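Student: Next up is a structure, given as structure tokens.
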Amino acid sequence: MATTIKVKVKLKGDVAEVKSLMLHPMETGARKDPDTGATVPAHHITQLMFDNNGETVMTVNCSTAVSRDPYFSFSFGGARAGDVLAVRWVDNTGESESTEITLG
Amino acid sequence: MQIGRRLFLQGSVAAAALLAIPRALLAAAWPEKAFGAEAAAKAMTELFGTDQAAPSTAISLTAPEIAENGAVVPISVETTLENVRSVSIVVEKNPRPLAVTFDIPPGTLPDVACRIKMGQTSPVTAVVQTDSGVYSASKEVKVTIGGCGG
């Protein structure tokens, strides 16, 4: 299945540099639709989880102040080529999306 | 000890129900109160139990001096502090100051980056929670065009 999450991982020794980009509107709930004047309801990612071989390496808790199409980067140690990094987000409406990438 | 068939079945059902709980619920819950707080101090208290953070030169906060577009302000935080548990970004003058919190398990480096929205010119504070306390570093970011919609 096509995913809207893009993940790139660069291995430097046993440190994995993770760069990730999600497609999401990240509506604050304060913006008004320019055509109708109606308030656009809040719609934003709340939690983003990265698991390497099933072990959590990062959890990001987001507010509406995270920009549209969020970008996050971080690094973790103890990584090896062949490890499987799973990325998953959930948003405030209960939608979710996930993907996996093999390191190396 | 002999386990009755009925008891065994009940146990199996309970175990199956536990397995069916989505992973998201098992992870630490999204800190709704901290994100809903309309003052930076309240958000800090919700997250850390205190609104006091010791300024630290061991935290390096990278943010633009002037953000032309408040909708996309790149922020990165790195620290040499040890045993870091979380890194949070607080924008004092946003309607809800707490922008994002990174939970950092052992093994993950305290070096994170993301892009946030800023409604207006404001101090941006990186708050780092370690096993020994709460530390911070701040920088003023000037915003030319606000990015909170409206």
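Student: Does A:Val9 satisfy being of a type in the set (A, V, I, L, M, F, W, C), touching a Lys or Arg at 6+ places or on another chain (Cβ under 8 Å), at the interface with chain B (Cβ under 10 Å from one of its Cβ atoms) and crowded, with 18+ Cβ neighbours inside 10 Å?
Tutor: No; evaluated as a whole, the condition is false for this residue.
Student: Might you let me know whether region B:65-78 holds any residue that is at the interface with chain A (Cβ under 10 Å from one of its Cβ atoms), part of a loop (DSSP other than H, G, I, E, B) and surrounded by fewer than 22 Cβ atoms within 10 Å (Cβ to Cβ)?
Tutor: yes
Student: So which of A:Met49, A:Met22 ends up being facing chain B (nearest Cβ under 8 Å), closer than 25 Å to B:Ser88 by Cβ and surrounded by 18 or more Cβ atoms within 10 Å (Cβ to Cβ)?
Tutor: Going through A:Met49, A:Met22 in turn, the sole match is A:Met49.
Student: If we keep just the residues of region A:25-46 that are surrounded by fewer than 18 Cβ atoms within 10 Å (Cβ to Cβ) and of a type in the set (S, T, N, Q), which is nearest to the other protein chains (Cβ to nearest Cβ)?
Tutor: Filtering region A:25-46 for residues that are surrounded by fewer than 18 Cβ atoms within 10 Å (Cβ to Cβ) and of a type in the set (S, T, N, Q), the one nearest to the other protein chains (Cβ to nearest Cβ) comes out as A:Thr39.
Student: I'd like the full set of residues that are hydrophobic (A, V, I, L, M, F, W, C) and assigned to a strand (DSSP E or B), limited to region B:79-96.
Tutor: Of everything in region B:79-96, those that are hydrophobic (A, V, I, L, M, F, W, C) and assigned to a strand (DSSP E or B) turn out to be B:Val84, B:Val87, B:Ile89, B:Val90, B:Val91.
Student: Separate question: For region A:52-63, how many residues are facing another protein chain (nearest Cβ under 7 Å) and part of a loop (DSSP other than H, G, I, E, B)?
Tutor: Residues in region A:52-63 being facing another protein chain (nearest Cβ under 7 Å) and part of a loop (DSSP other than H, G, I, E, B): 1 in total.
Student: Conditions first: (1) closer than 21 Å to A:Thr56 by Cα; (2) modelled with pLDDT of 95 or more. B:Val124 passes all but one, so which condition is the exception?
Tutor: The single condition B:Val124 does not satisfy is (1).
The values are calculated or read from the model by the stated rules, or taken from the named source; none is laboratory data. Values in this document were obtained by computation on a predicted structure and should not be read as measured data. Cβ coordinates were reconstructed from backbone atoms using ideal geometry, including for glycine residues, and neighbour counts include every protein chain displayed.
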